[in-house]
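To start, the structure itself, in structure tokens.
The values are calculated or read from the model by the stated rules, or taken from the named source; none is laboratory data. Quick caveat, the model's predicted, so the values are computed rather than measured. Counting neighbours? That spans all protein chains shown, and the Cβs are built from the backbone with ideal geometry, glycine included. For the accessible areas, the whole protein counts, side chains as well, though only heavy atoms, and no ligand, DNA or RNA atoms are used. Shrake-Rupley method; radii C 1.70, N 1.55, O 1.52, S 1.80 Å.
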Amino acid sequence: MLQQIFSKLNDGGPVITYTILILLVVIIVLFVRSLKDRGNTKKNVSLISSISWFAVAWGFLGRTFGLIVSFDRVAQAGEVTPYLLAEGLKMAILGPLLGIIVFLIARAGIIYLQWTDKTEE
């Protein structure tokens, strides 16, 4: 199971996917820190929000690179084969998918932090 996950992450372009995973870890650390220290909740919510948007943008940057690689391979081969097209499209789809998943996790954390925030505005 774990080997399949790493295989998919590598298929999506390691620079893109592992960077997004690192951003997820940072988001989780900020979330836990916000739960422990309620004094910095607003700052941490802002950071989590910014990092989650960065993860989405980074994933879509990966998609752009994936499509370029796919088109380059098709151009070098001279014809479109399902294998060439599938490899490039897989790389193009995995980055944004992971970025969106990280974004949704971050948004859920932000909603929870805002819901449980007891400070008055």
Inset, instruction - With everything on Cα atoms, drop me the angle between helix 2-11 and the longest principal axis of the chain, reported from 0 to 90° to the nearest 10. - result: 70 degrees
Legend entry - Rg in Å to one decimal, and Dmax rounded to a whole Å, for the range 57-101 via C-alpha atoms: 10.9, 36
Inset, instruction - Could you tell me how many degrees, from 0 to 90 and to the nearest 10, lie between the Cα long axis of helix 82-116 and the main elongation axis, the longest principal axis, of the Cα atoms of the chain? - result: 0 degrees
Legend entry - Cα-based helix-to-principal-axis angle, 41-77 vs the chain, degrees rounded to 10: 0 degrees
Legend entry - Positive-end residue of 18, 32, 110, charge dipole of the chain with Cβ unit charges: 32
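Kindly report the accessible area of the range 7-47 per residue (heavy atoms of protein chains, probe 1.4 Å, no ligands, DNA or RNA), in Å².
Working: 2350 Å² over 41 residues.
Computed with neighbouring chains in place, this is 57 Å² per residue.
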Inset, instruction - Could you look at the range 14-77 and say what percent of its accessible area is carbon and sulfur, using a 1.4 Å probe and all protein chains? - result: 71 percent
Legend entry - About the Cα centre, charge dipole magnitude for the range 17-121 (Lys/Arg +1, Asp/Glu -1 at Cβ), debye: 340 debye
Legend entry - Whole-Å distance, taken between Cα centres, linking the range 56-71 and the range 88-121: 20 Å
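About the Cα centre, and with charges only on the beta carbon of Lys, Arg (+1) and Asp, Glu (-1), how big is the dipole of the range 61-121? Nearest 20 debye, please.
140 debye
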Legend entry - Candidate aspartates and glutamates for bridging to residue 118, where Cα separation is under 20 Å - those fewer than 8 sequence places away on the same chain excluded: 37
Legend entry - Spherically averaged projected area of the chain from its Cα convex hull (nm²): 8.5 nm²
Legend entry - Computed [θ] at 222 nm, deg cm²/dmol, the chain (DSSP H ≥ 4; -39,500 (n - 2.57); rounded to nearest 500): -31000 deg cm²/dmol
